[in-house]
Amino acid sequence: MTDTTVPDAGPTGRPLGRRVLPYAMLSPAVLVTLAIVFFPMVQTAWMSLHDYVLFRPNHFEFVGLDNFRKALADEVFWISLRHTAIWIGITIPAQVLLGLATALLLNQDFPWRPLARALIIIPWALPSVVIALMWVWIYDSNYGLMNDFLLRLGLIEQAVPWLARPDTALGAIILTLTWQGFPFFAVMILAGLQSIPRSYYEAAAIDGASTWRQFWHITLPGISGVLVTAILLRMIWVANSFDVIFVMTGGGPGYSTYTLPLYAFVKSRTNLDFGYGSALAVLFTLLLMVVVLVYLRRTGKAVSR
Amino acid sequence: MKMFRKFAVAASALTLMASLAHADSTVRFWYHFDNADNPMDELVAEFEKQNPGIKVEAENIPWNSYYDNLYTAIIGGNAPDAAMVKMFAQPRLVEMGALEPIGARIDAWDGKDGLEDNLLNLTKAADGETYYLPVQYVVLYLYYRQDMLDELGLKVPTTCDEFRDVAKALTRDTNGDGSPDVYGFGFRGGKGGHDHWASFTLSHEGVSLEEGLTSDAGIAGTQYVVDLFRQDGVFPPSAPNDGFQEILGAFKAGKTAMTIHHIGSANGIVEVLGDKVSAAPVPECGGGRWTSFGDESTAVLSSASDKDAAWKWISFLSSPVNNARFNEATGQLPVVKSDAESWSLHPQRFVKATVDSLPYAHLLPNVSQTSDFVNTVWPVNMQRALTGEITAQEMNEKIAELYAQ
């Protein structure tokens, strides 16, 4: 209540008020971030070092790295990790390619183009749970569209329970997520495409460059910045997202569609084993961080070249 | 400083006023009804009229995450004052210290003698205390399509051997496309399906979740289920993932000829299938019968602010007339004798199947592991066994491992 300090000039010559202002204005955002992101993160890390089962609230015992040791010896951890790798490794490239093709198409001149652009965003705009339920019906073995379609085409002889077979369940969900996520790439890439000056293509055409060479030497470098950012964002989202899996199969049949975030969720929320669940979450965060860093280093070099 | 003092005085005055205005107590009650159009509001209004000064805030929590929400709310210090609860959750809730013993209150309550016999014994905790007041119950039995059995000249199966033959005969390709479109039995391979498996496995002599599961008899039970799916093909191909909605939908649509569930779904099924459907106790397998006793009780939580008010509310729900009203919404059976005698909500054949099944009705072990068994260990391992990833023996070993902890 007494701090009515006189504004004095600091070493940089700027008045104190001016120097404090940015901090003062940023602090609400920083405080909120600290409270709802950073604090739970620290808490998760702290819990991962304890034996903490929610229905034994009085039993909170420090066990060091035991949970991590247990995870590395846990068969389900490795199954989930493998699925997470497949999950990211197929979904992202598939979304990028589909998004790229869509963006190139949408960049052409054709009637109703604005309408097509608006329609393409629909899968991205729908809530994940709605998408998941929709695709559960598409894959349904009794009434599903997918089976009906393939049966009529004569590609399969009898209905396949896509989500109930361990060899098809993960693939079926990956297809769903690819469908959901490709509009994001399409829109981002389209924005990148539109920032490439037309004159580049005209000059290349005069020099006799083929469409393919124009794509390789003008289009791709033109959108690389956008692509790197979009892939990075999407990679993190896809890696963390388990809502679609949770609604479609809940991880089943067996462990066939378990990914690490889902496993961590099931362990803590269903089995109430918060210690072990937190350890899984921490391990996954570290692994994802490594992947992101490697990706940024490699692409950073490639883009700045 | 003066300013601050003024503030403090004003604030405390406000708080005082608020608490005076709040002399009435509020009971926060959690329940789960599948049916969104339920009579809870009417029951609450009736109760509030009879008990001026008590306000009931009843909240319908989605079943799928009911216990996740309940446990986390208890830990988070935001638990309801009273809640609908099942037996499998009791050991955990007791371990958490979340339940208020209500044995003395029940003894002093004039509605006690009106309850169906034995229910209070069934819902007693392992420590001998009483925490639960029963509010409804069901027993699982076998639903079957009478018309399909008649068409093929078959009888209702009473043993596992007969069951297998009947299920095989009922699995048919009726439209001539080369693949079956009616399956003998709608098996629930997803969460909640342990009741189906248990009827074929825990019925074997000397087999329970806590012992004998890895014996020859125990493994034979699981193997029987796996064979029905993998060898005989009498379950729909989607069985490993199927949950309640799927098995019920398939049965109503005529995709399956038999399934196991309780009277709660009887009216919905009859609406679609009419007289074509009937019910009987589950078959005898391996020398005994085992079916699930589906319990539902209410409890007062130890954190309740006004325990007397919370008790008044839950005992209101298990009192004559109110209990019938409650069960009309859930489609289960009332625990109050007088309400059960005048019960006319279900066709008689389903009430009879329930009563006939009562002698074989069991509860899952009253221990903390049962939650994990129900939620993860059973579904995951059953699905793996059904899809051939593990053997029946490995599945039973996983369950035995859980209960040995």
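Explain nothing, just the number: relative contact order of segment A:178-305, from Cα pairs under 8 Å at least 6 residues apart, as a whole percent.
Computed over segment A:178-305, the figure is 19 percent.
Too long at a 27 Å Cα-Cα cut-off: which of B:K312/B:K352; B:K155/B:K255; B:K155/B:K252; B:K312/B:K337? Kindly include the intermediate steps, with their values, before the conclusion.
Values: B:K312/B:K352 33 Å; B:K155/B:K255 19 Å; B:K155/B:K252 21 Å; B:K312/B:K337 20 Å.
Pairs exceeding 27 Å: B:K312/B:K352.
Can you return the lysines within cross-link range of B:K398? Criterion is Cα-Cα under 21 Å, with same-chain partners fewer than 8 residues away left out.
A:K70, A:K267, B:K191
Give, rounded to the nearest 20 debye, the magnitude of the charge dipole that the protein assembly as shown has about its Cα centre when Lys and Arg contribute +1 at Cβ and Asp and Glu contribute -1 at Cβ.
Computed about the Cα centre, the dipole is about 3660 debye.
Under 5 Å between amide H atoms, partner at least 5 residues away or on a different chain: which partners does B:L115 have, H built in plane at 1.01 Å?
Amide H to amide H, under 5 Å and 5 or more residues apart or across chains, B:L115 pairs with B:K337.
I'd like to compare A:224-230, B:163-169: which one has the highest average count of other Cβ atoms within 10 Å, and what's the full order after that? Don't jump to the answer; show the numbers that get you there.
Details: A:224-230: 17.3, B:163-169: 20.0.
Those peptides, ordered most packed to least, come out B:163-169, A:224-230.
Where in chain B are the DSSP H helices whose C-alpha atoms run 24 Å or more along the long axis and whose mean Kyte hydropathy is at least -1.0?
For chain B, where a helix must reach 24 Å along its axis and average at least -1.0, the hits are B:2-21.
With only Lys, Arg, Asp and Glu charged, each at its Cβ (+1 for the first two, -1 for the last two), find how big the charge dipole of chain A is about the Cα centre; round to the nearest 20 debye.
The calculation lands at about 780 debye.
State the antiparallel share, in %, of DSSP beta bridges confined to chain B, rounding to the nearest 5.
Of those bridges, close to 65 percent are antiparallel.
Rounded to the nearest 5, what is the percent of antiparallel bridges among the DSSP beta bridges in the protein assembly as shown?
Given both bridge residues lie in the protein assembly as shown, the antiparallel proportion sits at roughly 65 percent.
Just checking the output field for B:232-240: average partner chain Cβ neighbours within 10 Å of each residue's Cβ?
So the per-residue partner count for this stretch is 5.
Summarise the long-distance tail of P(r) for the protein assembly as shown by giving the % of C-alpha pairs beyond 32 Å.
More than 32 Å apart: 63 percent of the Cα pairs in the protein assembly as shown.
Considering the dipole of the protein assembly as shown built from charges on the beta carbon (Lys and Arg +1, Asp and Glu -1) around the Cα centre, which of B:I54, A:F149, B:L248 is farthest to its positive end?
Comparing the listed Cα positions along the dipole, A:F149 ranks first.
Using a 10 Å cut-off around each Cβ of peptide B:74-84, what is the average number of partner chain Cβ atoms that fall inside? Provide the component values of the computation, followed by the final result.
Working: counts 3, 5, 0, 0, 0, 0, 0, 0, 0, 0, 0.
The shielding value for this peptide is 1.
Give the long-range amide H neighbours of B:V182: residues separated by 5 or more places, or on another chain, with amide H under 5 Å away, using H modelled in the peptide plane at 1.01 Å from N.
Correct list: B:R172, B:T174.
Once you put a point 7 Å from the Cα of A:N107 and another 7 Å from the Cα of A:L293, both along the Cβ direction, what distance in nm separates them?
3.4 nm
Express the relative contact order of chain B as a whole percentage, based on alpha carbon pairs under 8 Å and six or more residues apart in sequence.
Details: 694 pairs, mean separation 103.7, N = 405.
Once normalised by length, the contact order is 26 percent.
In whole percent, what relative contact order does chain A give with Cα contacts below 8 Å and a gap of six or more residues? Write out the running numbers ahead of the final one.
Numbers: 319 pairs, mean separation 81.9, N = 305.
Relative contact order of chain A: 27 percent.
So what is the 222 nm mean residue ellipticity for chain B from helices alone, if each DSSP H run of at least 4 adds -39500 (n - 2.57) and you divide by all residues, rounding to the nearest 500 deg cm²/dmol?
-12500 deg cm²/dmol
Report, as an integer, the average count of C-beta atoms from other chains found within 10 Å of each Cβ along B:247-253.
1
Would you compute, from DSSP H runs of 4+ residues alone, the mean residue ellipticity of chain A at 222 nm, taking -39500 (n - 2.57) per run and dividing by the full residue count, rounded to the nearest 500?
Numbers: 15 runs with 202 residues, N = 305.
Using -39500 (n - 2.57) per qualifying helix, the result is -21000 deg cm²/dmol.
Using 1/(1 + (r/R0)^6) with R0 = 45 angstrom and r between the beta carbons of B:A108 and B:Q405, what's the FRET efficiency to the nearest 0.05?
Approximately 0.70, to the nearest 0.05.
Beta carbons within 10 angstrom, averaged per residue: use that to sort the peptides B:80-91, A:240-251, A:96-107, B:335-346, highest first.
B:80-91, A:240-251, A:96-107, B:335-346
Taking springs between alpha-carbon atoms closer than 10 angstrom, which of B:Q369, B:Q348, B:Q223 fluctuates most in the Gaussian network model of chain B?
Looking only at B:Q369, B:Q348, B:Q223, the biggest GNM fluctuation is shown by B:Q348.
Label segment A:66-304 by shape, choosing from rounded, prolate and oblate, from the square roots a ≥ b ≥ c of the eigenvalues of the Cα gyration tensor; if a/c is under 1.5 it is rounded, and otherwise prolate applies when a/b is larger than b/c, oblate when it is not.
On the way: a/c = 2.57, a/b = 1.43, b/c = 1.80.
The shape class here is oblate.
Quick one: if you stick a label point 7 Å off each Cα along the C-beta vector at B:L358 and A:L115, how many nm between them?
6.7 nm
Taking R0 as 22 Å, what's the FRET efficiency between B:V272 and A:D148 from their Cβ-Cβ distance, rounded to 0.05?
For R0 = 22 Å, the calculated efficiency reads 0.45.
5 Å is the cut-off here: which amide hydrogens, built 1.01 Å from N in the peptide plane, fall below it relative to B:S292, excluding neighbours closer than 5 in sequence?
Here B:L140, B:H362 satisfy the definition.
Each reported figure results from applying straightforward, stated rules to the coordinates on display, with no laboratory input. A quick note: this is a predicted structure, and the numbers were derived from the prediction, not measured. No Cβ is skipped: glycine too gets one built from the backbone with ideal geometry, and neighbour counts run over all protein chains shown.
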